[in-house]
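K.L.:
The structure under discussion is supplied below as structure tokens; questions concerning it will follow.
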Amino acid sequence: MKLKANLDELIKDLEGIDKIAVSSLSQPEIDAANVSVQELRRIAWDYVEYLIHGLSKNNRLQAEESQLPHRIAELAQHRLPAEVLMKIANNCANLCMERLEKVSLEGWSAPNFISRFHRVALEGSGMIARIYMQQKEIEFSWFLNALEEIEAFPSTLASLTDADTLLKSGLNKLKGIIAAEEGAIVMGENAKTLRWTQSDFKWVDPQTDQPLELDPYAAEKLYGCGVTLEVRESDGSMPCLNKFRRRLRSESIILVPMRIRDITIGLIILSKSRGSRPFTERERRLAALFANGLAKSFENVRLHASEQQKIKNTVALLEIARVINSTLDLETMTKHLARMIVDLVGAEACAIFLMDSEKERLLPKAVCGSIAEEIMALEGKGELRVAQMNPGRLRLLSGGNTVIVSAPKDNDLFDEKLLEERGVQGMVIHPLLVRENLIGMLVIFQGRKVEEIGGEEKNVIAAIGSQAAIAIENAILYEDIEKSYFSTVKALAKAIEVKDPYTHGHSERVTEYALMIAEEMGLDDREKQNIKYAATLHDIGKIGIAGKVLNKPGALTDEEYMHVKTHPLLGDTIVEPVEFLQGPRPLILHHHERYDGRGYPDGLKGEEIPLGARIITVADSFEAMRSDRPYRKALTFEDAKSELIRNAGTQFDPHVVETFLKILEREGTIEVQDMASS
């Protein structure tokens, strides 16, 4: 037995044991180590030094102060399996014993020396086991905390209702749980359409970057099998993802599928910088668990948003139905409809085109949005010639199908440059059909890609189109009926003029003035229609007044004046049997009431007089003052205005007078066209 003077000299004889101890490991054991062979040899040699220094009582303090426990704890954190490290330790102890049997230390007997070494080796094994047990307790506590965090996510109301907030907070939460440095989320229900939704990779812009490209192998693993995938430098089966990993300057990245009902709907990508420890199996498992929970939350948010959108659409459709059915005025209704469509679908503009009676042209009835003026100026009159439209698209529209125009260059209706300048990226053209006849179309100009328009939005547009077509047809039919009625009304008015030639055109001019006042005061369509009919027929009762009285050039006697004052009652009696004139009837009866209560036939005062009658009173009086009569010449424009001002509050409603004077001030001397020609 060879004698050694001290432990340092003994250690020199043990060089190379670390290499032999590690080389005895199998390849699967080396792969499971999660650290390099050099790192394994380093820990093996540290363990040899720990054993030898532990032989001496003088060196026990040095052994206890060794950095080896800290190194072992770090390896345990790196997930070096305890059985691998224990095998290295046993190999080192056995190899040391073989060498030590051939040497001796001064002051040591062989039995005592061997006994001491066995005890030190046993303490070393115990130390490894103890460190691993402590690490396991730490890991278990960490794992429970991580599970609690996963279970508690999402915890904010915004995350529960907004998809972007959910994904952003989810990505940050998962990075914190498994100590990832960077991450991103890509969404898509197949591997070829993965769009970036969240990312803190510095070179990725979710708004503009191209979709993430997956290798076939990765696509199969992530979308077919639904397993978490790690991409390392040594992996040659995924060149696309390895290129992506190198761009991140990462040692390894993991891609974690977000799955619902065994279907992958997106991926979470996580990375660590070079030099950092790789993701452990436990971290990968936690990431997979979190990703599936995030997928469920995302689906809930999406369903919630879908339901909210359905509610919003339903409310909007009800409001649209209310608005378009609240008026039979075609122009008013189509203007409201175009504006509401722009607001509902977030379009750049909306145009409503209606077919002309010869079915040769589509004319813009209403336009709302950024290109309204340009659309109305098409071909000088804003018309689209049916013969110039794409025959295929025209057939689709006639068959009740929505036409999608993906880009301005693909349209044959409007100027391509104009659309591009206004930010239009595509159009949705929906037919307006009534009993399978094309009566017009809705053209919705979108500032986003029309491919992004979902089925729900298309259904809403179709529902609006169906309601609009029926409402438009009703309005057109009503216009036809109203024209027929009004022709009857004008025929009655003509009967008055035959009897009183001085009043030729009087009713038309009174009607025009009255409608201007009603429009300025913001009256609704029904009130304006009643005023229109009443103003036209306000003097219909004069049919029952003697012609010699109506055309008398001088002053009337009291008896004659009382006879003339009966004409509102006569007018009321004449229109009483006519159903469609029941609305205008009170206005005809009371158009000679005075604001101070001194009028006729009932002496009504102030607000007791129907507003329409008060408006007709001002219009009638102004027109009479501006016309020649048998007993006087017409007043000048300024004198007529002065009479209105002087009698405001007594004969006339002062608010109506104020409104009419405002119109006169703005318009100047009003030239009223003969309504018979309109």
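The values are calculated or read from the model by the stated rules, or taken from the named source; none is laboratory data. The shown structure was predicted, so the numbers you read here are calculated from the model rather than taken from an experiment. Cβ atoms come from the backbone with ideal geometry, glycine included; neighbour counts cover every protein chain shown. Quick note on the areas: whole protein, heavy atoms, side chains included, nothing else; ligands and nucleic acids left out. Shrake-Rupley method; radii C 1.70, N 1.55, O 1.52, S 1.80 Å.
K.L.:
Could you check how many residues of region 538-584 are in a loop (DSSP other than H, G, I, E, B), at pLDDT 90 or above and charged (D, E, K, R)?
P.N.:
1
K.L.:
Let me ask something else about it. Just a yes or no: is a residue in region 551-569 of a type in the set (Gly, Ala, Ser) and surrounded by fewer than 16 Cβ atoms within 10 Å (Cβ to Cβ)?
P.N.:
Checked region 551-569: at least one residue is of a type in the set (Gly, Ala, Ser) and surrounded by fewer than 16 Cβ atoms within 10 Å (Cβ to Cβ).
K.L.:
Residue 230: under 30 Å from residue 307 (Cα atoms), touching a Ser or Thr at 6+ places or on another chain (Cβ under 8 Å) and not in a helix (DSSP H, G or I), yes or no?
P.N.:
Considered against the rule, which asks whether it is under 30 Å from residue 307 (Cα atoms), touching a Ser or Thr at 6+ places or on another chain (Cβ under 8 Å) and not in a helix (DSSP H, G or I), residue 230 comes out as no.
Residue-wise test of (1) modelled with pLDDT under 75; (2) over 60 Å from the mean Cα position of the chain (by Cα); (3) surrounded by 15 or more Cβ atoms within 10 Å (Cβ to Cβ); (4) of a type in the set (A, V, I, L, M, F, W, C).
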site	(1), (2), (3), (4)
105	yes, yes, yes, yes
111	yes, yes, no, no
146	no, no, yes, yes
158	yes, no, no, yes
173	no, no, yes, no
190	no, no, no, no
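K.L.:
OK, next. Can you tell me how many residues within region 585-595 are open to solvent by less than 40 Å² (accessible area, probe 1.4 Å) and either at positive phi or part of a loop (DSSP other than H, G, I, E, B) (or both)?
P.N.:
Looking only at region 585-595, we keep the residues that are open to solvent by less than 40 Å² (accessible area, probe 1.4 Å), and these are 587-591, 593.
Now restrict to residues that are either at positive phi or part of a loop (DSSP other than H, G, I, E, B) (or both): 590-591, 593.
Here the count works out to 3.
K.L.:
Can you pull out every residue in region 234-264 that is open to solvent by 10 Å² or more (accessible area, probe 1.4 Å) and either in contact with a helix residue (DSSP H, G or I) (Cβ under 7 Å, 6 or more places away or on another chain) or among the small types (Gly, Ala, Ser) (or both)?
P.N.:
234, 235, 236, 237, 259, 260
K.L.:
Looking only at region 447-484, how many residues end up being open to solvent by 20 Å² or more (accessible area, probe 1.4 Å) and either touching an Asp or Glu at 6+ places or on another chain (Cβ under 7 Å) or part of a helix (DSSP H, G or I) (or both)? Outline the logic, then answer.
P.N.:
Taking region 447-484 first, the residues open to solvent by 20 Å² or more (accessible area, probe 1.4 Å) are 447-449, 451-452, 454-459, 462-463, 466-467, 470, 473-474, 476-484.
Going one step further and asking which of them are either touching an Asp or Glu at 6+ places or on another chain (Cβ under 7 Å) or part of a helix (DSSP H, G or I) (or both), we end up with 447, 451-452, 455-459, 462-463, 466-467, 470, 473-474, 476-484.
Adding up the residues that qualify gives 24.
K.L.:
Sort through 365, 409 and tell me the only one that's open to solvent by 60 Å² or more (accessible area, probe 1.4 Å), under 30 Å from residue 309 (Cα atoms) and modelled with pLDDT of 80 or more.
P.N.:
Unique residue meeting the criteria: 365.
K.L.:
Same structure, new question: Of the conditions (1) open to solvent by less than 50 Å² (accessible area, probe 1.4 Å); (2) aliphatic (A, V, I, L, M); (3) free of Cβ contacts under 8 Å to residues at least 60 places away in the same chain, residue 303 fails just one. Which one is it?
P.N.:
The number of the failed condition is (1).
K.L.:
If you check every pair at least six apart or on different chains, which have Cβ atoms under 9 Å apart with a residue in region 193-210 that is at pLDDT below 85 first and a residue that is among the basic types (Lys, Arg) second?
P.N.:
Matching pairs, first to second residue: 201/247; 203/247; 206/195; 209/195.
K.L.:
How many residues does region 8-45 contain that are open to solvent by 40 Å² or more (accessible area, probe 1.4 Å), under 14 Å from residue 92 (Cβ atoms) and in a helix (DSSP H, G or I)?
P.N.:
Of the residues in that region, 6 qualify.
K.L.:
Something else about it: If you scan region 598-625, which residues turn out to be touching a Leu at 6+ places or on another chain (Cβ under 7 Å) and assigned to a loop (DSSP other than H, G, I, E, B)?
P.N.:
Those that are touching a Leu at 6+ places or on another chain (Cβ under 7 Å) and assigned to a loop (DSSP other than H, G, I, E, B): 601, 610.
Per-residue answers, yes or no, for (1) more than 33 Å from the chain's Cα centre (by Cα); (2) modelled with pLDDT of 80 or more:
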| residue | (1), (2) |
| --- | --- |
| 224 | no, yes |
| 230 | yes, yes |
| 249 | yes, no |
| 254 | no, yes |
| 293 | no, yes |
